[in-house]
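See structure below.
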Amino acid sequence: DRHRPHLLMSDADAPAEPIHAPELRGASAWLNTRGPLTLRELRGKVVLLDFWTYGCINCLHLVPHLGYLERKYRDELVVIGVHSPKFEHEKNVDHLRRTLDRLGIEHPIVQDASFRIWQEYTVGAGPTLVLTDPAGYVVASVAGEGPMPELDRVIAAVIAVFDERGELNRNPVEGIGPE
């Protein structure tokens with residue numbers, strides 16, 4: 001099936017119907033971008049949503065892996081961090097901004113203080129990575145630090161399929177990067 005989640009999900013875990021990725025609504029702030037991003041405006045790109053919080057050591061372990069994927073697929077992949085703060089101090093946008101600077105995180109971050117995006121994607125724990133294809137469908141989801149080599153292969157496979165179809169957008173996304 002064209003949009004069936006694969007490679008990171010067993011057939012038993014894969015949904016029968018393709019899942020259209022929900023829009024990123026309910027943010028209290030956006031960082032490292034000119035303003036709110038929509039998945040609709042990112043059509044043609046592979047999008048990796050990283051559900052995390054800076055108070056989670058397992059989430060922080062993924063930072064270098066995400067940086068590697070961003071560099072490797074810089075023309076095809078957009079990483080968006082969905083920061084879902086567990087503790088009150090993590091909701092402070094200035095604290096988050098300083099943390100992004102300290103960690104060298106330059107991809108867009110959405111502050112999901114109300115957990116609305118988290119709930120839309122039925123995330124159970126951080127970190128969770130959700131991969132969407134250039135048509136806006138969920139391709140894979142993995143909780144925990146996960147199998148990064150497999151995720152890399154899935155991204156490469158999605159890029160190859162959509163490149164062959166002529167549905168891949170390799171143009172830069174305007175307004176993304178450190179403020």
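The values are calculated or read from the model by the stated rules, or taken from the named source; none is laboratory data. None of these values were measured; they are calculated from a predicted model. Cβ sites come from the backbone with ideal geometry, for glycine too, and all protein chains shown count toward neighbours. The area values use the complete protein model at the heavy-atom level, side chains included, leaving out ligands, DNA and RNA. Shrake-Rupley method; radii C 1.70, N 1.55, O 1.52, S 1.80 Å.
Summary of values
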{"read-out": "Percent RCO, i.e. relative contact order, over region 30-134, from Cα pairs under 8 Å lying at least 6 residues apart", "value": "45 percent"}
{"read-out": "Between region 87-102 and region 34-53, the Cα center-to-center distance that results, in Å", "value": "20 Å"}
{"read-out": "Mean Kyte hydropathy of -1.0 or more with a Cα span along the axis of at least 18 Å, helices from DSSP in the chain", "value": "148-164"}
{"read-out": "Accessible surface of the chain, 1.4 Å probe, proportion on carbon and sulfur as whole %", "value": "50 percent"}
{"read-out": "Calculated [θ] (222 nm, deg cm²/dmol) that DSSP helices of n ≥ 4 give over the chain, each run adding -39,500 (n - 2.57)", "value": "-8000 deg cm²/dmol"}
{"read-out": "The chain: relative contact order in percent, alpha carbon pairs under 8 Å with at least 6 residues between", "value": "36 percent"}
{"read-out": "Cut-off under 5 Å, modelled amide H: who pairs with Ala21 long-range", "value": "Tyr137, Val138"}
{"read-out": "Over region 84-179, relative contact order from alpha-carbon pairs under 8 Å, at least 6 apart, %", "value": "24 percent"}
{"read-out": "Where Tyr68, Tyr73, Tyr137 fall by accessible area, highest first, once all protein chains stay in place (1.4 Å)", "value": "Tyr68, Tyr137, Tyr73"}
{"read-out": "Where labels lie 7 Å past Cα in the beta-carbon direction, separation of Leu60 and Lys86 in nm", "value": "1.3 nm"}
{"read-out": "Heavy-atom accessible area per residue - region 27-109, 1.4 Å, Å²", "value": "46 Å²"}
{"read-out": "Proximal lysines to Lys45, defined as alpha-carbon separation beneath 23 angstrom and excluding residues fewer than eight positions away on the same chain", "value": "Lys72"}
{"read-out": "Descending Cα extents along the principal axes, the chain, whole Å", "value": "44, 35, 28"}
